[in-house]
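The values are calculated or read from the model by the stated rules, or taken from the named source; none is laboratory data. Computed from a predicted structure; not experimentally measured. A quick note on method: Cβ atoms are made from the backbone with ideal geometry, for glycine too, and the neighbour counts reach across all protein chains shown.
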Amino acid sequence: MKKIPDNSILKKEFTIPFFNMKNMKKIFKNIKNKKKSRIYKRKRKTFKGIFAKNVLIGLFLTVIFAVGLFNAGREYILTQANTQSYNILSSMQQSINDMDKQSLGPQAISARMRTHAFFDIVLDDKGKYQINSNTENCHALVRLTDKDRNIIYSSRMGLQALVIFGEHDKEFMFCDTENKEFPELKQLENDYMEMLKKETSLRDKYITKNYSAYAETVVKSAYVNREEGLFIPHETEINLIKYYLNNNAEPDEILETKEYNINIPEKDGYELIEFSLSAEEYTETSKPRTFMCGFYGTDKDVFEELCSENPPVLSNLGGRFGATGGRVCYHNITTYIDGEPHMLTVMLQVEPWNSVTKPLYFKLVIIFLLAMLVIALFDAWRRNVKNQAEYIFEDYQKNLTNSLAHDLKTPLMAIGGYIENILTGNLTKDETNKYLSSVMDNISYTDSIITRTLELNTINNINIKREKCGLSELVNDAVEKYSLLLDERNISVHTDGTGEISADTSMLKTIIENLISNAVNYTTKNGKINISINDKNIIIKNTVNKKIDVKELKKPFTKGDKSRSNNSGSGLGLAIAENASAINGFKLNISCTDTEFIAELKF
């Protein structure tokens, strides 16, 4: 044998860090640490963290919504009130202009002003928002003044009634409750005001129920002066009545009542009249009856306050927003009576933030907040599912990298050791050939690991093309590839049955070959492999010498042999089969007993 020349140069060339034992350990350790730090550098988000962040965003949006709703609602109510004040103005102007044509007396004009002294911007069954005249700090005022600003007619509160004397004989009549000659009238008014407060309280109490309340004035008899359009009640009662909003529900219920009997001496122009309390048909003998009898108009204190707020300058049309316990909007218009200019004024005092608007406002805000919480919950769940999928993939990549590094470390270290021994030059030819053979075996094993890892990583990107596949042919072809190894280890293979399914032929072939390969690699010498085939599944059973824990076997680089020191397999066969099965919609089940390993591929 020719003497090998001095190979110190070769030693320097080959003894590079890649094949140095100490450096090899450092390299693999650095790779592992860098990979780990890169994967775990990003803090993982939890469902609670995502949900908490979404809740904060939802609360912020709710605050914006609440502020916007408050401002929009306030402007809407004020706009509606302003529009309604103009409508009242137009209606009253028409009534004054037609006063002579309709033969309306002064009390009729005042009565119309009192009945117009309300506004309703409430949420009714048609979705229109209303505020009634009983809402706190919400009032209306109508008045007619001459050029010297003396009030001619107004909506100042008073007791009035529409008295129907006959089928075509009806008059608006007024009672001056401030007449000091009859103090009982003032007491009647005060009692009615107290009753009205109770009405408002009950309406607030019943706001979420199916009933409400109202106060009514019943005049059974009165002293009437038809010439001046005045009356003084004789027998009168005030009732606080609870009524049901459903017409088919229970009848009205009188909660409280007060009775009055006011007697006056004979007075010029006044006649005592008894009124009918029923609505019978009119005849020549029918008694008169009252309609719309009660206290109407603007609260007297509010009336004086609003009048003091009015600017002294007369104008054709004006409007402003001020503050008098609420926002005040008004319209003025000049109208002529007997050729003299008069100023017709309508004022609405509106408090947008009241007992009617508050419940609706908070209801809408709460609904919006609940909607934000539902959206926050759904978004947190969606993002958490997505994140968990990413984290699982990251863990999969990390485990795959770590396992690959672990599995490659052994053959590479072996290769490095063999080459170091060869480079010493102290080996015989047989020893050198033996080491070179071992190097080739480890290189082949390393190449198989890399090839199968690439196969595992690329299998998810394969486009599935389904076609009819004969199962027995694919199984027999896979078994045939391992015939030499089967003969060498004296392993018998028995195949039974046949079947045909629709699948991607290439991927199904990969699955079957990996299952057969796994069975061949881990079957004991002189063992058996039994394969059962039908249209529903393929069952592969092979003999083993001990029970194997199968929980982790379908993960990459996991072998039944926990030492992982042999080159019988890469630990990727079942992982590849599992991934390919999932892509095709199949299910791979594995189990193991003390003597038998079972792999079932269900279609």
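Hey, any hits in region 66-74 for a residue that's at pLDDT 80 or above, surrounded by 14 or more Cβ atoms within 10 Å (Cβ to Cβ) and either over 37 Å from the mean Cα position of the chain (by Cα) or not assigned by TED's automatic domain parsing to the domain that holds THR334 (or both)?
Within region 66-74, the subset at pLDDT 80 or above is 66-74.
Filter once more, so that each one left must be surrounded by 14 or more Cβ atoms within 10 Å (Cβ to Cβ): 66, 69-70, 73-74.
With either over 37 Å from the mean Cα position of the chain (by Cα) or not assigned by TED's automatic domain parsing to the domain that holds THR334 (or both) added as a condition, the list becomes none.
Scanning region 66-74, I find no residue that is at pLDDT 80 or above, surrounded by 14 or more Cβ atoms within 10 Å (Cβ to Cβ) and either over 37 Å from the mean Cα position of the chain (by Cα) or not assigned by TED's automatic domain parsing to the domain that holds THR334 (or both), so the answer is no.
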Checked region 502-529 for anything over 20 Å from SER483 (Cβ atoms) and surrounded by fewer than 18 Cβ atoms within 10 Å (Cβ to Cβ); matches are SER502, THR505, SER506
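From the residues in region 135-152 that are crowded, with 18+ Cβ neighbours inside 10 Å and under 49 Å from the mean Cα position of the chain (by Cα), which one is nearest to LYS358 (Cα to Cα)?
Narrowing region 135-152 to residues crowded, with 18+ Cβ neighbours inside 10 Å: 135, 138-145.
Of the ones still in play, those that are also under 49 Å from the mean Cα position of the chain (by Cα) are 135, 138-142.
Values: THR135: 12, CYS138: 14, HIS139: 18, ALA140: 21, LEU141: 25, VAL142: 28 Å.
Out of the qualifying residues, it is THR135.
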Expected output for region 126-152 (first residue more than 14 Å from PHE303 (Cα to Cα) and in the same structural domain as SER201 (by TED's automatic domain parsing), partner modelled with pLDDT under 75 and of a type in the set (Gly, Ala, Ser), Cβ below 7 Å, 6+ apart or cross-chain) is THR135/SER355; GLU136/SER355
Right, ALA389: modelled with pLDDT under 90 and assigned to a helix (DSSP H, G or I) or not? yes
Show the residue pairs that are 6+ apart or on different chains and have beta-carbon atoms under 9 Å apart, the first residue being within region 509-526 and in the same structural domain as LEU574 (by TED's automatic domain parsing), the second being of a type in the set (Phe, Trp, Tyr) and surrounded by 22 or more Cβ atoms within 10 Å (Cβ to Cβ). ASN518/PHE597; ALA519/PHE597; TYR522/PHE597; THR523/PHE597
Kindly list, by first and then second residue, each pair from a residue in region 369-393 that is in the same structural domain as LYS555 (by TED's automatic domain parsing) to a residue that is at pLDDT below 85 and polar (S, T, N, Q), limited to pairs with Cβ atoms under 8 Å and residues at least 6 apart or on different chains. none
Scanning region 481-499 for residues that are surrounded by 12 or more Cβ atoms within 10 Å (Cβ to Cβ) and not small (Gly, Ala, Ser) gives LYS481, TYR482, LEU485, LEU486, ARG489, ILE491, VAL493, THR495, THR498
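Considering each of SER212, SER201, SER221 in turn, give the residue that is at pLDDT 85 or above and small (Gly, Ala, Ser). Talk me through it step by step, then tell me what you get.
Numbers: SER212 fails: at pLDDT 85 or above; SER201 fails: at pLDDT 85 or above.
Exactly one of SER212, SER201, SER221 is at pLDDT 85 or above and small (Gly, Ala, Ser), namely SER221.
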Quick one: is ASN476 modelled with pLDDT of 85 or more, part of a helix (DSSP H, G or I) and over 50 Å from the mean Cα position of the chain (by Cα)? yes
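Matching residues to (1) farther than 17 Å from GLY158 by Cα; (2) assigned to a strand (DSSP E or B):
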| residue | (1), (2) |
| --- | --- |
| TYR214 | yes, yes |
| THR217 | no, yes |
| GLU228 | no, no |
| PHE231 | no, yes |
| HIS234 | no, yes |
| ILE238 | no, yes |
| ILE241 | yes, yes |
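Suppose we keep only residues that are outside any strand (DSSP E or B) and without any contact (Cβ under 8 Å) to a residue 60 or more places away in the chain within region 153-176. Which one would you say is nearest to the chain's Cα centre (by Cα)? Break it down stepwise before answering.
Within region 153-176, the first condition is being outside any strand (DSSP E or B), and the residues that meet it are 155, 157, 167-168, 176.
After this cut, where a residue has to be without any contact (Cβ under 8 Å) to a residue 60 or more places away in the chain as well, the list is 168, 176.
Numbers: HIS168: 61, ASP176: 58 Å.
If we take residues in region 153-176 being outside any strand (DSSP E or B) and without any contact (Cβ under 8 Å) to a residue 60 or more places away in the chain, then ASP176 is nearest to the chain's Cα centre (by Cα).
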Out of all the residues in region 209-219, is one or more closer than 14 Å to PRO288 by Cα, surrounded by 18 or more Cβ atoms within 10 Å (Cβ to Cβ) and either in contact with a Ser or Thr (Cβ under 6 Å, 6 or more places away or on another chain) or in contact (Cβ under 8 Å) with a residue 12 or more places away in the chain (or both)? yes
Filter region 80-119 down to the residues that are of a type outside the set (Phe, Trp, Tyr) and outside any helix (DSSP H, G or I), then identify the one that is modelled with the lowest pLDDT. SER103
